[in-house]
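Novice: This is the structure I have questions about; it appears just below.
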Amino acid sequence: MGLAEGSTQITLTCSKKEREMWSKEAAKEGFSSRSKYLYILIQEARAYRQHGVFADRSSEERIEELEAQVEAMKRRLENEQGKPRFRKELSDPEYIELFLEETYKTLPEILQEVVECGVLDNRVRKEIESGLYVMAGKDQVEYEPGWGWKLTTENTED
């Protein structure tokens, strides 16, 4: 067989149906041979496994870390542009009226109701989660499913 220098032959066993399917796919994709087509598919699968959905857990953690950094940068940009997100919405008179009645309430009572209604929960949760993921990316904290977050031992030994 006229193999290129540095090449070797391998044997692949499959059903005749699969072989025919691969031949048709190779022709449809413009490959001169089924072997070249399968070689390219294998290379794509390797890259996909290494960098795609089948990548190891560290890739997912890196994506989460980068998403947290993006969120932090968005918040920083909003603050620098003079758009404090919380103040605008929370200080809106129509919003504050939701917590007032005909009787007097102290500020701590109003704050307690705002917290209990859950409106701040998602905002605070996202902020804290972003911070935790950034810290995890810097190995300052670690997460254990079922237990939660903790400082790493490097940070607890001063």
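The values are calculated or read from the model by the stated rules, or taken from the named source; none is laboratory data. Because the structure is predicted, anything quoted here is derived from the model rather than measured. Virtual Cβ from ideal backbone geometry, glycine too; neighbours counted across all protein chains shown. Surface accessibility is based on the protein's heavy atoms, side chains included, excluding ligands, DNA and RNA. Shrake-Rupley method; radii C 1.70, N 1.55, O 1.52, S 1.80 Å.
Novice: Quick check on the range 23-30. Is at least one of its residues farther than 17 Å from S130 by Cα, out of contact with any Asp or Glu (no Cβ under 6 Å at 6 or more places or on another chain), of a type in the set (A, V, I, L, M, F, W, C) and at pLDDT 80 or above? Reasoning before the result, please.
Specialist: Within the range 23-30, the first condition is being farther than 17 Å from S130 by Cα, and the residues that meet it are 23-30.
If we keep only those that are out of contact with any Asp or Glu (no Cβ under 6 Å at 6 or more places or on another chain) as well, we get 23-30.
Within this subset, residues satisfying the condition of being of a type in the set (A, V, I, L, M, F, W, C) are 26-27.
Imposing the further condition that a residue be at pLDDT 80 or above reduces the set to 26-27.
Scanning the range 23-30, I find at least one residue that is farther than 17 Å from S130 by Cα, out of contact with any Asp or Glu (no Cβ under 6 Å at 6 or more places or on another chain), of a type in the set (A, V, I, L, M, F, W, C) and at pLDDT 80 or above, so the answer is yes.
Novice: Being under 21 Å from M73 (Cα atoms), modelled with pLDDT under 80 and exposed (fewer than 13 other Cβ atoms within 10 Å of the Cβ) is the filter here; which residues of the range 106-129 pass it?
Specialist: Result: D121, N122, V124, R125.
Novice: Does any residue in the range 113-134 that is part of a helix (DSSP H, G or I) come within less than 7 Å, Cβ to Cβ, of a residue that is open to solvent by 80 Å² or more (accessible area, probe 1.4 Å) and of a type outside the set (G, A, S) six or more places away or on a different chain, and which pairs are these?
Specialist: L132/W149
Novice: Given the conditions (1) modelled with pLDDT under 75; (2) closer than 30 Å to R125 by Cα, and given that Q50 satisfies all but one, which numbered condition is not satisfied?
Specialist: Just one mismatch for Q50, condition (2).
Novice: Here's a follow-up. Being touching an Asp or Glu at 6+ places or on another chain (Cβ under 9 Å), within 27 Å of T152 (Cβ to Cβ) and not basic (K, R) is the filter here; which residues of the range 100-128 pass it?
Specialist: From the range 100-128, those touching an Asp or Glu at 6+ places or on another chain (Cβ under 9 Å) are 105, 115, 119, 126-127; that's our starting set.
Filter again for within 27 Å of T152 (Cβ to Cβ), leaving 126-127.
Residue satisfying the conditions is E127 alone.
Novice: Another one. Pairs, please: C-beta under 7 Å, at least 6 apart or cross-chain, first residue at pLDDT below 80 and in the range 90-102, second open to solvent by 90 Å² or more (accessible area, probe 1.4 Å)?
Specialist: These pairs meet every condition: Y95/E89.
Novice: If I ask for residues that are assigned to a helix (DSSP H, G or I) and either of a type in the set (G, A, S) or open to solvent by 70 Å² or more (accessible area, probe 1.4 Å) (or both), which ones from the range 33-48 would you list? Write out each step before concluding.
Specialist: Initial filter on the range 33-48 (assigned to a helix (DSSP H, G or I)): 34-48.
Hits for the range 33-48 are R34, S35, K36, Y39, I42, E44, A45, R46, A47, Y48.
Novice: Please list, ordered by first then second residue, the pairs with beta carbon atoms under 8 Å, 6 or more apart or interchain, first in the range 2-24 and on the phi < 0 side of the Ramachandran plot and charged (D, E, K, R), second surrounded by 11 or more Cβ atoms within 10 Å (Cβ to Cβ) and modelled with pLDDT of 80 or more.
Specialist: R19/R34
Novice: Within the range 124-141, can you find the residues that are under 25 Å from L90 (Cβ atoms) and touching a Phe, Trp or Tyr at 6+ places or on another chain (Cβ under 7 Å)?
Specialist: Answer for the range 124-141, where residues must be under 25 Å from L90 (Cβ atoms) and touching a Phe, Trp or Tyr at 6+ places or on another chain (Cβ under 7 Å): just L132.
Novice: For a quick check of your reading of the model, give me the residue pairs whose first member lies in the range 35-49 and is closer than 15 Å to M21 by Cα, whose second is at pLDDT 85 or above and part of a helix (DSSP H, G or I), with beta-carbon atoms closer than 6 Å and at least 6 apart or on different chains.
Specialist: Between residues of the range 35-49 that are closer than 15 Å to M21 by Cα and residues that are at pLDDT 85 or above and part of a helix (DSSP H, G or I), the close pairs are Y37/A26.
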